[in-house]
2 protein chains.
Amino acid sequence: MTYQRARGDEAGSSLLLTDLYELNMFQAYLEAGMEGEAVFEFFVRKLPPERNFAMAAGLEQAVAFLEAARFSEEEIAWLEAGGRFSASCLEALAALRFTGSVEALPEGTLVFPDEPVLRLVAPLPQAQLFESRLINILHFQTMIASKAARLVLAAEGRTLVDFGLRRAHGAEAGLLAARAAFLAGFDGSATVLAEARFGVPAFGTMAHSFIQAHASEEEAFLGFARARPRQVTLLIDTYDTEEGARKVVRLAPRLAAEGAPVQAVRLDSGDLAAHARAVREILDQGGLGAVRIFASSSLDEREVARLLGAGAPIDGFGVGTSLTTSGDRPSLDCAYKLMEYDGIARRKRSEGKATWPGRKQVWRRFEKGCMAGDTVTLEGDPCEGEALLVPVMREGRRLTAPPTLAESRAHASRQLAALPGPLRALEAAPAYPVAIAPALRRLAEAVDRRLAAG
Amino acid sequence: MTYQRARGDEAGSSLLLTDLYELNMFQAYLEAGMEGEAVFEFFVRKLPPERNFAMAAGLEQAVAFLEAARFSEEEIAWLEAGGRFSASCLEALAALRFTGSVEALPEGTLVFPDEPVLRLVAPLPQAQLFESRLINILHFQTMIASKAARLVLAAEGRTLVDFGLRRAHGAEAGLLAARAAFLAGFDGSATVLAEARFGVPAFGTMAHSFIQAHASEEEAFLGFARARPRQVTLLIDTYDTEEGARKVVRLAPRLAAEGAPVQAVRLDSGDLAAHARAVREILDQGGLGAVRIFASSSLDEREVARLLGAGAPIDGFGVGTSLTTSGDRPSLDCAYKLMEYDGIARRKRSEGKATWPGRKQVWRRFEKGCMAGDTVTLEGDPCEGEALLVPVMREGRRLTAPPTLAESRAHASRQLAALPGPLRALEAAPAYPVAIAPALRRLAEAVDRRLAAG
């Protein structure tokens with residue numbers, strides 16, 4: 001069960017959460033009468049060398065943002081008091097609603113550089129104004145889903161739980177990281193609000209402080225199991241991990257008799273592989289072969305792969321900071337760029353940041369259920385394979401009911417299943433083939449000739 | 001002028017934005033009758049090698065969170081429907097208010113490992129429950145202020161502006177990164193909402209899309225300057241940086257005559273030092289010696305130091321992703337740990353994560369206006385120097401009106417001015433001396449003896 005918020009003022013729902021230059025340009029466009037149709041695309045410019053793919057995410061939040069986008073009266077009053085903007089600009093801002101259309105990759109779709117994740121078509125002033133927050137929304141969840149997908153590949157079917165709220169960058173990051181990780185294949189999150197808002201299963205045991213607050217570790221274990229008899233996972237490393245495991249063995253029969261059988265133990269410090277092996281042996285010898293071992297403590301995909309490669313008997317992993325901050329790569333090189341204005345294709349040519357112009361579509365070919373290559377071309381130039389961008393919004397409204405998060409998660413899982421073997425590695429693989437179609441190259445050349453002539 | 005939000009449902013204002021284990025423990029504490037007074041401290045456990053200090057930030061948001069903390073009726077109903085918690089637990093959650101006290105470092109204070117940033121004293125169940133979000137709040141702004149302070153040191157007085165909203169991790173991160181950077185000495189932020197909420201001066205020019213949307217660069221420059229005649233900064237790298245500078249020289253007399261004098265140009269790609277030198281020469285020869293050069297594009301403190309070290313004639317820097325994600329170090333190793341419960345000092349002894357027990361105070365000595373060493377000791381054990389932790393809340397309420405952000409920024413500036421020379425470097429310096437007082441060591445030993453005997 002999820003519930004809808006009755007109240008609705010996230011920082012992110014304020015249109016003042018934008019860069020000042022967006023408002024400057026809004027006014028300049030109005031004054032120049034430049035209210036023609038603009039086409040912007042959001043895309044990943046480049047992937048870090050060891051990231052072999054990205055996973056599109058955040059579309060639902062982007063759509064919700066566009067549907068709800070408006071300035072409040074108090075925000076307009078604040079802008080007016082600042083004296084930066086003309087009366088006609090303020091009037092236009094007060095009346096602003098998103099009236100355009102959106103095409104996008106369904107959430108969970110794997111995506112590569114130069115492929116549009118989302119295209120927005122709207123009158124230029126508004127299409128520009130939404131830039132900052134749209135990037136802010138799409139960048140974050142795409143980055144986290146991409147990171148989480150690597151963990152899913154590394155964990156080879158073990159349970160994966162997001163533990164990262166505390167070091168996520170603020171409230172929204174904590175909440176949406178849980179969503180993006182679940183989308184990519186995590187089993188759940190410790191973050192309760194992610195269950196309330198998005199149905200992401202909540203997982204949780206106890207903290208070290210719980211053990212410390214009790215006179216003894218045994219007393220803490222008993223108190224916890226009795227209070228939560230259906231989900232008894234005990235944290236055993238507060239003082240001495242192996243000693244903790246022996247206490248669990250001693251207490252287990254009593255707890256089972258009380259109807260609170262121990263289901264799992266959690267390790268959170270030290271050499272996790274060595275502790276897991278020692279604890280497994282203690283548990284097995286104590287007749288607790290069914291008790292699972294859950295591990296956390298500064299884990300990332302490489303450490304998960306290393307632990308499993310070393311045969312560590314770990315059944316599940318709690319992954320925190322490295323997941324919710326995308327610790328090794330806390331940003332993706334992505335952009336939202338003008339591709340066409342007033343019927344004319346546009347292109348940015350800044351050094352190292354040139355873009356492909358026009359309205360684009362991505363076609364993906366499959367061979368024996370495996371992704372075999374993409375082609376980026378102009379919309380309306382059909383290619384072999386499956387067209388990935390689908391219509392999402394028209395005239396400012398969503399076209400159809402959005403997929404549930406569970407449906408998007410199933411889509412993500414199918415996408416990962418179709419990922420070619422070499423790209424599943426955690427290290428850099430030869431790049432997935434993304435071809436630029438002749439039609440798109442010809443348009444880019446035509447834009448260059450026009451700019452050279454101008 | 002700032003305005004207060006009329007509406008108020010940030011994700012961060014929901015007490016469901018917590019880890020499930022906090023709620024599990026809440027119930028277990030209640031059932032065990034463990035509602036005695038608990039003392040938790042938030043502190044930085046370890047700094048990355050090249051980070052010679054941290055700067056405390058986020059206290060105001062932490063206090064606001066504690067003052068407003070309560071479950072809504074719909075949240076309690078949702079918890080009840082989930083069936084995880086007992087009726088008496090739900091009743092206690094519904095009635096929950098923060099009733100405790102807080103001591104903390106004033107925002108902008110420099111802080112080192114093992115020194116408490118904040119101490120919270122309250123009945124155990126609530127002190128525990130607030131853990132996840134308190135860390136989430138304090139960690140993020142402390143990390144960003146610490147990063148921003150390095151940029152302030154590197155920029156040697158040049159203008160610094162936060163450009164990082166788009167790649168900040170969500171809405172709250174974008175907003176609060178602007179606040180934390182300003183606190184640490186930045187001149188402002190591109191994020192408009194940071195001016196509205198916190199009075200952080202907003203800066204902004206134009207995007208490449210603005211240039212691209214116009215038939216020519218000249219037309220775009222003219223349109224922008226006429227729409228915003230008081231703040232004419234022109235982005236000149238969309239097609240060719242030096243050619244852009246020449247266009248500015250050609251247009252400048254006309255714009256000056258129209259009352260829209262060019263104030264600055266912005267470079268956003270390529271070799272910024274080379275472009276800045278070439279552009280400076282073009283501007284100077286064109287009689288625009290007073291026009292400032294502003295640079296952005298993947299800058300961080302090392303690149304700013306390198307550019308200035310190379311004598312690049314750059315007057316101001318826009319710093320984006322590396323600032324708002326703390327790109328090289330997107331998390332700080334920090335914790336919120338139980339230090340005392342029910343009058344008895346507590347200590348976590350997990351491998352590599354042991355803590356100093358008890359209620360602590362930090363004393364800082366100064367020599368000739370320069371920080372000369374800190375001592376961490378037990379509260380009530382007076383040392384030489386200045387006591388850094390100050391009372392902030394009593395019985396759940398703030399004690400005095402909070403400092404303005406400008407006052408905290410001035411405090412941060414004085415702190416940075418007192419930082420010893422070697423610690424001002426961007427590279428690792430010998431650690432600042434932080435002594436653990438004998439009284440604190442004796443208490444830790446006593447706790448260890450008690451645990452060993454238990």
Handout entry: Out of B:Leu234, B:Leu251, sole residue that is under 36 Å from the mean Cα position of the chain (by Cα) and within 22 Å of B:Glu281 (Cα to Cα)
Key = B:Leu234
Fill in the blank from the handout: Requiring at least 1 residues that are under 21 Å from A:Gly244 (Cβ atoms) and at pLDDT 95 or above, the helices (runs of 4 or more DSSP H) wholly within the range A:147-229 are A:217-227
Completion exercise
Out of (1) at pLDDT below 95; (2) at negative phi, the one B:Gly380 does not meet is (2)
Practice task
Look through the range B:196-207, keep the residues that are of a type outside the set (A, V, I, L, M, F, W, C) and in contact with a Leu (Cβ under 8 Å, 6 or more places away or on another chain), and return whichever of them is nearest to B:Thr159 (Cα to Cα).
Solution key: B:Gly204
Exercise for the section: Pick out the one residue from B:Leu90, B:Leu134, B:Leu118 that is outside any strand (DSSP E or B), in contact (Cβ under 8 Å) with a residue 40 or more places away in the chain and among the hydrophobic types (A, V, I, L, M, F, W, C). Expected result: B:Leu134
Exercise for the section: Within the range A:103-112, identify whether any single residue is among the hydroxyl-bearing types (Ser, Thr, Tyr), assigned by TED's automatic domain parsing to the domain that holds A:Thr404 and assigned to a loop (DSSP other than H, G, I, E, B), and answer yes or no. Expected result: yes
Exercise for the section: Go through the residues of the range A:358-367 one by one and say whether even a single one is out of contact with any Pro (no Cβ under 9 Å at 6 or more places or on another chain) and crowded, with 20+ Cβ neighbours inside 10 Å. Expected result: yes
Practice task
Run A:Glu303 past the list (1) within 12 Å of chain B (Cβ to nearest Cβ); (2) farther than 30 Å from A:Asp19 by Cβ and report the number of the one that doesn't hold.
Solution key: (1)
Exercise for the section: Look at A:Ser326 and say whether it is in contact with a Gly (Cβ under 9 Å, 6 or more places away or on another chain) and within 28 Å of A:Phe198 (Cα to Cα). Expected result: no
Practice task
Taking A:Val262 as the residue in question, decide whether it is away from every other protein chain (no Cβ under 14 Å) and under 37 Å from the mean Cα position of the chain (by Cα).
Solution key: yes
Completion exercise
Note on B:Glu427: of the conditions (1) out of contact with any Pro (no Cβ under 6 Å at 6 or more places or on another chain); (2) in the same structural domain as B:Ala122 (by TED's automatic domain parsing); (3) farther than 20 Å from B:Asp114 by Cα; (4) not aromatic (Phe, Trp, Tyr), unmet is (2)
Completion exercise
Reported set for the range B:210-224 where residues are crowded, with 24+ Cβ neighbours inside 10 Å and under 18 Å from A:Ala354 (Cα atoms) is B:Phe210, B:Ile211, B:Gln212, B:Ala213
Handout entry: the range A:166-192, subset more than 14 Å from the chain's Cα centre (by Cα) and buried (at least 24 other Cβ atoms within 10 Å of the Cβ), residue farthest from the other protein chains (Cβ to nearest Cβ)
Key = A:Thr191
Practice task
Please specify each residue of the range B:130-165 satisfying the condition of being among the charged types (D, E, K, R), more than 9 Å from chain A (Cβ to nearest Cβ) and buried (at least 24 other Cβ atoms within 10 Å of the Cβ).
Solution key: B:Lys147, B:Arg150, B:Asp162
Exercise for the section: Scan the range A:364-383 and report the pairs whose first residue is in the same structural domain as A:Ala439 (by TED's automatic domain parsing) and within 18 Å of A:Val44 (Cα to Cα) and whose second residue is outside any loop (DSSP other than H, G, I, E, B) and of a type in the set (S, T, N, Q), with Cβ atoms within less than 7 Å and a gap of 6+ or a chain change. Expected result: A:Thr377/A:Gln361
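Condition check ((1) assigned to a loop (DSSP other than H, G, I, E, B); (2) crowded, with 24+ Cβ neighbours inside 10 Å; (3) of a type in the set (Val, Ile, Thr); (4) within 11 Å of another protein chain (Cβ to nearest Cβ)) across all residues:
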| site | (1), (2), (3), (4) |
| --- | --- |
| B:Tyr29 | no, yes, no, yes |
| B:Phe40 | no, yes, no, yes |
| B:Phe43 | no, yes, no, no |
| B:Phe65 | no, no, no, yes |
| B:Arg70 | yes, no, no, no |
Exercise for the section: State yes or no: is A:Val304 buried (at least 21 other Cβ atoms within 10 Å of the Cβ), touching a Ser or Thr at 6+ places or on another chain (Cβ under 9 Å) and of a type in the set (Val, Ile, Thr)? Expected result: no
Exercise for the section: Taking B:Ala418 as the residue in question, decide whether it is more than 30 Å from B:Ala168 (Cα to Cα) and of a type in the set (Gly, Ala, Ser). Expected result: yes
Practice task
Specify which of the listed residues (A:Gly327, A:Gly270, A:Gly320, A:Gly343) is surrounded by fewer than 22 Cβ atoms within 10 Å (Cβ to Cβ), closer than 30 Å to B:Gly320 by Cβ and within 14 Å of another protein chain (Cβ to nearest Cβ).
Solution key: A:Gly327
Problem - Yes/no for A:Arg84 being more than 13 Å from every other protein chain (Cβ to nearest Cβ) and assigned to a loop (DSSP other than H, G, I, E, B) - result: no
Exercise for the section: Could you tell me whether the range A:49-61 includes any residue that is out of contact with any helix residue (DSSP H, G or I) (no Cβ under 7 Å at 6 or more places or on another chain) and modelled with pLDDT of 95 or more? Expected result: yes
Fill in the blank from the handout: Within the range B:301-323, residues in a loop (DSSP other than H, G, I, E, B), among the small types (Gly, Ala, Ser) and within 20 Å of B:Gly289 (Cβ to Cβ) come out as B:Gly311, B:Ala312
Exercise for the section: For B:Tyr21, indicate whether it is touching a residue at least 40 places away in the same chain (Cβ under 8 Å), hydroxyl-bearing (Ser, Thr, Tyr), facing chain A (nearest Cβ under 8 Å) and within 30 Å of A:Ala260 (Cα to Cα). Expected result: no
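The values are calculated or read from the model by the stated rules, or taken from the named source; none is laboratory data. All of these numbers come straight from a predicted model, not from anything done at the bench. Cβ: placed from backbone, ideal geometry, glycine included. Neighbour counts: every protein chain shown.
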